[in-house]
Amino acid sequence: MSLELVCPAGTPSALRAAVEAGAHSVYCGFRDETNARNFPGLNFSPDEMIEGVRFAHAHGAKVLVAINTFAKAGAMDAWKAALANAEKAGADAVILADLAVLDHAATHHPNLRLHLSVQAAAATPEAIAFYADTFGVKRVVMPRVLSVEEIAKLNAAIDVETEAFVFGGLCPMTEGRCSLSSYATGKSPNLTGVCSPPEHVAYSEDKNGTATRLNGFTIDRFGAGEQAGYPTLCKGRFMAGGKTSYLFEDPVSLNAASLIAAFAKAGITALKIEGRQRGKGYVTEVVRTFRAAVDAIDAGSTEVEVGRLLAGLVEGGRQTSGAYKKAWR
Amino acid sequence: MAEHFRGELPRLLRILAAPAGFLPLGPALTLAVRRFAHRKPAVFDRLGEYGKCSFLIEPSDLDFSFLMVPDGVRAEVKCMRGRTSQPADVTVRAPLLVLLGLLDGTLDGDAMFFNRAISVSGRTDALVALRNAIEDAELTPADFVGATGGLGKLVDRSVIGGLGLARRFTGSPISGEPS
Ligand code: SF4
């Protein structure tokens, strides 16, 4: 069976762009803290979601709704409403991470297909079996800390589908367990749906270039003409041991296009492109390129060259195959 | 001679564009944005409270700038000659063709930022909201002049074609390729 290409949409127009560029599925979220891309001006109202699903279905594509943050204890209404609105819109699946949200979905929305978000960081057969047996989860998004060999072994030991990130921004920490943003700003992707919330980010220019500050902490400084990255702490430059460097990770972007054939061989069902915060230009170009790559692999090619085509769209202007090839760790 | 950056208008075009600073661009753009807000209020809902923020937009290759408060049907756009010290919540600076590419969605804002084709300062949350609202608005050149139907299509075709040519001519980024 061919690989399913799961593509990002932060707005209704990006959804249409993704579908028209060849996405098999599109993932998107509501305009609140229930999804892990809760940026100002982004995401869908319940009515826009209904219209988005209608458009996607009319073009033969699916819509997966991300409700993938962790619900606040005693204040789950937003997550319950998101599940109800996703079902009402006719979503093909919901992508969840939190146990309480999974439980509510399994109990009150038994017809919704459940996918486990990367935020749940389920990376062992035991953890995945727990989610599958307890809530009926049908697909698990693989944490980006596994190699292709590890995913192949995992697939042999589980009987749910797996989805792996193939392109886009990269969290070098295990998803769902990173507290860097909460430490600096009090807000995190896990609870509020944003890493480095923009209201805490400030850029200032002086003769030495551009300084990036997160809630008052200077986390990087770019010289004129030097490639920039996202204002996240994991990609900041800090001084330690007398020298300044990227302590956690360089501002690089994931591009595992060269591994598409290996992913198919490892038993992966779907390939995911990151970037719900990106515009239509990015969505169109990346989706079209990857759809051609997936079709080429389907038709028997063994390798595709995607890196050069998309070089200008990526963070820091550089790309990596991440943990999929062991050398990265 | 002024330094010429990739994607900026050549000197001759800058000189030709200079009189535009004297035209009543501000009132015309104010009218266009308000008309657009009447037609597509959802775009301004997406902007929410950030509609009340002020955005100073400086085409780096021209000697005038725009101050915009995109508050739906109460929107205001002022056009000012020279560089201004006018306080604004957000300042965005880029070559004119890059700014137009961001407006019509041809160019990706993040890619332009990574490649340093644009520089920004001020309230990042307001800028992110504006950029996402513009992204979803699917603006076309006809929206700015209020043209609809066949005339709208003609305006779009000519302006988009013209911009494509201008980008190739000046070496402006066409998609996200590194500058
Ligand atoms: S700081 Fe980096 S690793 Fe942590 S959540 Fe943010 S992007 Fe991911």
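When you scan the stretch A:210-221, do you find a residue that is within 20 Å of the chain's Cα centre (by Cα) and of a type outside the set (A, V, I, L, M), even just one? Before you say what the answer is, go through the steps one by one.
Going through the stretch A:210-221, the residues within 20 Å of the chain's Cα centre (by Cα) turn out to be none.
Checking the stretch A:210-221: not a single residue is within 20 Å of the chain's Cα centre (by Cα) and of a type outside the set (A, V, I, L, M).
Open to solvent by less than 30 Å² (accessible area, probe 1.4 Å), closer than 18 Å to A:Ser117 by Cα and within 14 Å of chain B (Cβ to nearest Cβ) - does that describe any residue in the stretch A:49-66?
Within the stretch A:49-66, not a single residue is open to solvent by less than 30 Å² (accessible area, probe 1.4 Å), closer than 18 Å to A:Ser117 by Cα and within 14 Å of chain B (Cβ to nearest Cβ).
Is it the case that A:Gly229 is open to solvent by less than 50 Å² (accessible area, probe 1.4 Å), within 12 Å of the ligand (Cβ to nearest atom), touching a strand residue (DSSP E or B) at 6+ places or on another chain (Cβ under 8 Å) and within 14 Å of chain B (Cβ to nearest Cβ)? Show your work before the answer.
Values: open to solvent by less than 50 Å² (accessible area, probe 1.4 Å): yes; within 12 Å of the ligand (Cβ to nearest atom): yes; touching a strand residue (DSSP E or B) at 6+ places or on another chain (Cβ under 8 Å): yes; within 14 Å of chain B (Cβ to nearest Cβ): yes.
Yes.
The rows are residues; the columns are (1) crowded, with 21+ Cβ neighbours inside 10 Å; (2) aromatic (Phe, Trp, Tyr); (3) assigned to a loop (DSSP other than H, G, I, E, B).
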| position | (1), (2), (3) |
| --- | --- |
| B:Arg46 | yes, no, no |
| B:Asp61 | yes, no, yes |
| B:Gln86 | no, no, yes |
| B:Val92 | yes, no, no |
| B:Val98 | yes, no, no |
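Rundown of residues vs (1) in a loop (DSSP other than H, G, I, E, B); (2) under 28 Å from B:Asp110 (Cα atoms), yes/no style:
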| site | (1), (2) |
| --- | --- |
| A:Leu15 | no, yes |
| A:Tyr27 | no, yes |
| A:Gly41 | yes, yes |
| A:Glu48 | no, yes |
| A:Gly52 | no, yes |
| A:Ala56 | no, yes |
| A:Ala78 | no, no |
| A:Ala81 | no, no |
| A:Ala100 | no, no |
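Specify which of the listed residues (A:Ala78, A:Ala17, A:Ala84, A:Ala106) is open to solvent by 10 Å² or more (accessible area, probe 1.4 Å) and within 30 Å of A:Ala292 (Cβ to Cβ). Steps first, answer last, please.
Numbers: A:Ala78 fails: within 30 Å of A:Ala292 (Cβ to Cβ); A:Ala84 fails: within 30 Å of A:Ala292 (Cβ to Cβ); A:Ala106 fails: within 30 Å of A:Ala292 (Cβ to Cβ).
Of A:Ala78, A:Ala17, A:Ala84, A:Ala106, the one residue that is open to solvent by 10 Å² or more (accessible area, probe 1.4 Å) and within 30 Å of A:Ala292 (Cβ to Cβ) is A:Ala17.
So, A:Asn43, is that one touching a Leu at 6+ places or on another chain (Cβ under 8 Å) and closer than 14 Å to A:Cys28 by Cα or not?
Numbers: touching a Leu at 6+ places or on another chain (Cβ under 8 Å): no; closer than 14 Å to A:Cys28 by Cα: yes.
No, not satisfied.
Just checking, which of B:Ser60, B:Ser54 is farther than 26 Å from A:Gly10 by Cβ, modelled with pLDDT of 85 or more and under 16 Å from the mean Cα position of the chain (by Cα)?
B:Ser60
A:Ile268: more than 30 Å from B:Leu99 (Cβ to Cβ) and not in a loop (DSSP other than H, G, I, E, B), yes or no?
Spelling it out, it is not the case that A:Ile268 is more than 30 Å from B:Leu99 (Cβ to Cβ) and not in a loop (DSSP other than H, G, I, E, B).
Output yes when any residue across the stretch A:116-127 is surrounded by fewer than 16 Cβ atoms within 10 Å (Cβ to Cβ) and within 16 Å of the ligand (Cβ to nearest atom), and no when none is.
No, the stretch A:116-127 has no match at all.
Starting from residues that are within 14 Å of the ligand (Cβ to nearest atom), outside any loop (DSSP other than H, G, I, E, B) and more than 14 Å from chain B (Cβ to nearest Cβ), keep the ones in the stretch A:238-253 and report whichever is surrounded by the most Cβ atoms within 10 Å (Cβ to Cβ). Give the derivation first.
In the first step, residues of the stretch A:238-253 are kept if they are within 14 Å of the ligand (Cβ to nearest atom); the result is A:238, A:246-253.
From the residues that got through so far, the ones that are outside any loop (DSSP other than H, G, I, E, B) too are A:238, A:246, A:253.
When the remaining residues are screened for being more than 14 Å from chain B (Cβ to nearest Cβ), the result is A:238, A:246.
Details: A:Phe238: 15, A:Tyr246: 17.
Taking the candidates together, the pick is A:Tyr246.
Could you check the stretch A:185-217 and list, in sequence order, the residues that are loosely packed, with under 15 Cβ neighbours inside 10 Å and within 16 Å of the ligand (Cβ to nearest atom)?
Of everything in the stretch A:185-217, those that are loosely packed, with under 15 Cβ neighbours inside 10 Å and within 16 Å of the ligand (Cβ to nearest atom) turn out to be A:Gly186, A:Phe217.
How many residues does the stretch B:100-132 hold that are outside any loop (DSSP other than H, G, I, E, B) and of a type in the set (D, E, K, R)?
Of all residues in the stretch B:100-132, those outside any loop (DSSP other than H, G, I, E, B) come to B:100-103, B:109-114, B:119-122, B:124-132.
The next check asks that each one be of a type in the set (D, E, K, R); those that pass are B:110, B:125, B:131.
Summing the residues that are outside any loop (DSSP other than H, G, I, E, B) and of a type in the set (D, E, K, R) in the stretch B:100-132 gives 3.
Between A:Ala84, A:Ala129, which is over 22 Å from the mean Cα position of the chain (by Cα), in contact (Cβ under 8 Å) with a residue 12 or more places away in the chain and within 17 Å of A:Ala157 (Cα to Cα)? Walk me through it before giving the result.
On the way: A:Ala84 fails: within 17 Å of A:Ala157 (Cα to Cα).
The match here is A:Ala129.
Give the residues of the stretch B:69-84 that are closer than 23 Å to A:Pro40 by Cβ and either facing chain A (nearest Cβ under 9 Å) or not in a loop (DSSP other than H, G, I, E, B) (or both), sorted by residue number. Show your work before the answer.
The first filter runs over the stretch B:69-84 and keeps only residues closer than 23 Å to A:Pro40 by Cβ, leaving B:69-77.
Within the stretch B:69-84, B:Val69, B:Gly72, B:Val73, B:Arg74, B:Glu76, B:Val77 qualify.
How many residues, within the stretch A:270-285, are within 16 Å of the chain's Cα centre (by Cα) and either without any contact (Cβ under 8 Å) to a residue 40 or more places away in the chain or more than 14 Å from chain B (Cβ to nearest Cβ) (or both)? Let's see the steps before the verdict.
Filtering the stretch A:270-285 for residues within 16 Å of the chain's Cα centre (by Cα) gives A:270-279, A:282-283.
Filter once more, keeping what is either without any contact (Cβ under 8 Å) to a residue 40 or more places away in the chain or more than 14 Å from chain B (Cβ to nearest Cβ) (or both): A:270-272, A:282.
Here the count works out to 4.
Name the residue that is farthest from A:Cys28 (Cα to Cα), counting only residues in the stretch A:254-299 that are open to solvent by 10 Å² or more (accessible area, probe 1.4 Å) and among the hydroxyl-bearing types (Ser, Thr, Tyr).
A:Ser258
For the stretch A:20-31, enumerate the residues that are out of contact with any helix residue (DSSP H, G or I) (no Cβ under 7 Å at 6 or more places or on another chain), within 14 Å of chain B (Cβ to nearest Cβ) and open to solvent by less than 10 Å² (accessible area, probe 1.4 Å).
Residues of the stretch A:20-31 out of contact with any helix residue (DSSP H, G or I) (no Cβ under 7 Å at 6 or more places or on another chain): A:20, A:24-25, A:27, A:29, A:31.
Add one more test, that the residue is within 14 Å of chain B (Cβ to nearest Cβ), and what stays is A:20, A:29, A:31.
Matches in the stretch A:20-31: A:Gly29 only.
On the basis of being more than 14 Å from every other protein chain (Cβ to nearest Cβ), touching a Phe, Trp or Tyr at 6+ places or on another chain (Cβ under 7 Å), polar (S, T, N, Q) and open to solvent by less than 10 Å² (accessible area, probe 1.4 Å), does A:Thr34 make the cut?
Details: more than 14 Å from every other protein chain (Cβ to nearest Cβ): yes; touching a Phe, Trp or Tyr at 6+ places or on another chain (Cβ under 7 Å): yes; polar (S, T, N, Q): yes; open to solvent by less than 10 Å² (accessible area, probe 1.4 Å): yes.
When the stated conditions are applied, A:Thr34 passes them.
Can you name the residue in the stretch A:131-161 that is modelled with pLDDT of 95 or more and hydroxyl-bearing (Ser, Thr, Tyr) and, of all such residues, is least open to solvent (accessible area, probe 1.4 Å)?
The qualifying residue least open to solvent (accessible area, probe 1.4 Å) is A:Tyr131.
Being polar (S, T, N, Q) and either within 16 Å of the ligand (Cβ to nearest atom) or within 14 Å of another protein chain (Cβ to nearest Cβ) (or both) is the filter here; which residues of the stretch A:148-179 pass it? So that I can check it myself, show each step before the final result.
Pass one, the stretch A:148-179, residues polar (S, T, N, Q): A:155, A:162, A:174, A:179.
Those that are polar (S, T, N, Q) and either within 16 Å of the ligand (Cβ to nearest atom) or within 14 Å of another protein chain (Cβ to nearest Cβ) (or both): A:Thr174, A:Ser179.
The values are calculated or read from the model by the stated rules, or taken from the named source; none is laboratory data. Computed from a predicted structure; not experimentally measured. Glycine also receives a Cβ, built like all others from the backbone with ideal geometry; neighbour counts cover every protein chain displayed. The protein model used for the area step is the full one, side chains on, heavy atoms only, and it has no ligands, DNA or RNA in it. Shrake-Rupley method; radii C 1.70, N 1.55, O 1.52, S 1.80 Å.
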